[in-house]
1. Read through the list (1) buried (at least 16 other Cβ atoms within 10 Å of the Cβ); (2) on the phi > 0 side of the Ramachandran plot, then give the number of the only condition that residue 15 fails.
2. Being over 10 Å from the mean Cα position of the chain (by Cα) and either β-branched (Val, Ile, Thr) or part of a loop (DSSP other than H, G, I, E, B) (or both) is the filter here, so list the residues in the stretch 26-52 that pass it.
3. For residue 10, indicate whether it is of a type outside the set (S, T, N, Q) and surrounded by 13 or more Cβ atoms within 10 Å (Cβ to Cβ).
4. Filter the stretch 1-24 down to the residues that are of a type outside the set (Lys, Arg) and either in contact with a helix residue (DSSP H, G or I) (Cβ under 7 Å, 6 or more places away or on another chain) or outside any loop (DSSP other than H, G, I, E, B) (or both) and list them by number.
Amino acid sequence: MVNFRDNVDEAARHGVRWFAEPGGSIRDDEVARACHEHGISLVRTGVRLFRH
């Protein structure tokens, strides 16, 4: 999951162009805005692969 904006900022510094993640974080909108600002494509799958 990409839970925080700083994850997106750091990924952009290293040339990441897309994220695929399940979504569902309380910060989804903040992360989506950061992706948009950096030109990073964001796909929300709605599928969680890690369960606690």
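1. (1)
2. Passing the criteria: 26, 39, 45, 46, 47, 48, 49, 50, 51, 52.
3. Details: of a type outside the set (S, T, N, Q): yes; surrounded by 13 or more Cβ atoms within 10 Å (Cβ to Cβ): no.
So residue 10 fails the test.
4. The initial filter retains those residues of the stretch 1-24 that are of a type outside the set (Lys, Arg), namely 1-4, 6-12, 14-16, 18-24.
2, 6, 7, 8, 9, 10, 11, 12, 18, 19, 20, 21, listed by residue number.
Here is a yes/no grid of residues against (1) out of contact with any Asp or Glu (no Cβ under 8 Å at 6 or more places or on another chain); (2) free of Cβ contacts under 8 Å to residues at least 24 places away in the same chain:
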site	(1), (2)
2	no, no
11	yes, no
19	yes, no
35	yes, no
41	yes, no
50	yes, yes
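Every number in this text was worked out from the coordinates using simple rules, so none of it is lab data. Everything numeric in this text was worked out from a predicted model, so none of it was measured. We place every Cβ from the backbone using ideal geometry, glycine too, and count neighbours over all the protein chains shown.
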